[in-house]
Amino acid sequence: MDEVKFGSVPPLAAESHLTIEYDIRKIDLFAAHISVVLRSRLLMLLVAILPTFTIWSTLTSPEVKSQPTAVKVLTAIAIYLAFFALFFFLQTLWALGNILFRKHRGVLGRHTLQITDEGLIERTDVNEAIHKWPGMHKIVSGPKYLYIYVTETNAHMVPKRYFTSHGIEGFEGELRARMAKARSQ
């Protein structure tokens, strides 16, 4: 097994598919926040359930109770849409405030991910970390980002815009192979 050396020199050309470099920008953080909101089943369940009391109280009020069914259905839909719009507006404001007023040292800027026998090494200008293969959780390939989950809730978000499709697929394939090998042992 190769010894993992932090701060090592760039890989040989034959191993270039084992290392990728990319930049995380503020727009990437915004996309990550919105992605987390949309992927959270619990949050989506809460968003679906929370307006039910308001809808119920509105539909049982004397003014609406005597209205035709079509009006009641349209009222319920309007309340849900207003709630969803308010929820996503507040989420957008939260994300923008977080992105604009925090420094995000070690998150924004240049990232290097290197596949080694020991695990996945991540380097930025402020940190170096190794995620060993048995602890890696999963890989999710979206249309614009490759999410490498190093735990159930912590992921490296790799923007695909920096790579040819062959380059990112080679890196992803190698990651999947190493993770599968670690699981089979």
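A short reminder: the numbers here are calculations on the coordinates, not readings from a lab. Just so it is clear, the model here is predicted, and its values are computed rather than measured. All Cβ positions, even for glycine, are placed from backbone atoms using ideal geometry, and neighbour counts span all protein chains on display.
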### Task
Can you give me the span-like helices of the chain, meaning DSSP H runs with 18 Å or more of Cα extent along the axis and Kyte-Doolittle mean at or above 1.0?
26-39, 69-101
### Message
Using Cα springs under 10 Å in a Gaussian network model of the chain, which residue among 40, 61, 141 shows the largest mean-square fluctuation?
### Response
61
#### Entry: Extension gain, residue 43 back to residue 161 (0.36 nm per residue minus Cα-Cα distance, nm)
39.6 nm
### Query
Mean residue ellipticity at 222 nm from the helices of the chain, using -39,500 (n - 2.57) per DSSP H segment of n ≥ 4 over the full residue count, to the nearest 500 deg cm²/dmol?
-15500 deg cm²/dmol
### Query
Can you give the relative contact order of segment 39-178 as a percent, counting alpha carbon pairs under 8 Å and 6+ residues apart?
10
### Task
Give, rounded to the nearest 20 debye, the magnitude of the charge dipole that the chain has about its Cα centre when Lys and Arg contribute +1 at Cβ and Asp and Glu contribute -1 at Cβ.
640
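For the chain, what mean projected area does the convex hull of the alpha carbons give, in nm²? Walk me through the numbers before you get to the answer.
Numbers: hull surface 58.1 nm².
Dividing the Cα hull surface by four gives the mean projection, 14.5 nm².
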### Query
Along the positive direction of the dipole of the chain (beta-carbon charges: Lys, Arg +1; Asp, Glu -1; about the Cα centre), which of 115, 168, 27 reaches farthest?
27
### Query
Counting other C-beta atoms within 10 Å, which of 72, 103, 65 has the fewest, and how do the rest follow?
103, 65, 72
### Task
Would you mind checking 103/144; 26/181; 72/144 for any pair whose Cα atoms are more than 30 angstrom apart?
26/181; 72/144
### Message
Along the Cα→Cβ direction, 7 angstrom out, place labels at residue 93 and residue 71. What is the inter-label distance in nm?
### Response
3.3
### Task
Could you list the residues of segment 41-67 with an amide nitrogen less than 20 Å from a label point located 7 Å from the Cα of residue 152 in the Cα-to-C-beta direction?
41-46
### the chain: most fluctuating residue of 22, 162, 145 per GNM, C-alpha cutoff 10 Å
162
### Task
Identify which of 134, 159, 143 has the largest mean-square fluctuation in a Gaussian network model of the chain, with springs joining Cα atoms closer than 10 Å.
143
### Rg and Dmax of segment 31-101, Cα atoms only, in Å
15.6, 50
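Going by C-beta contacts inside 10 Å, put 49, 79, 148, 24 in order with the fewest on the left.
49, 79, 24, 148
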### Query
Charges only on Cβ, +1 for Lys and Arg, -1 for Asp and Glu: so what's the dipole of segment 84-167 about the Cα centre, in debye to the nearest 20?
340
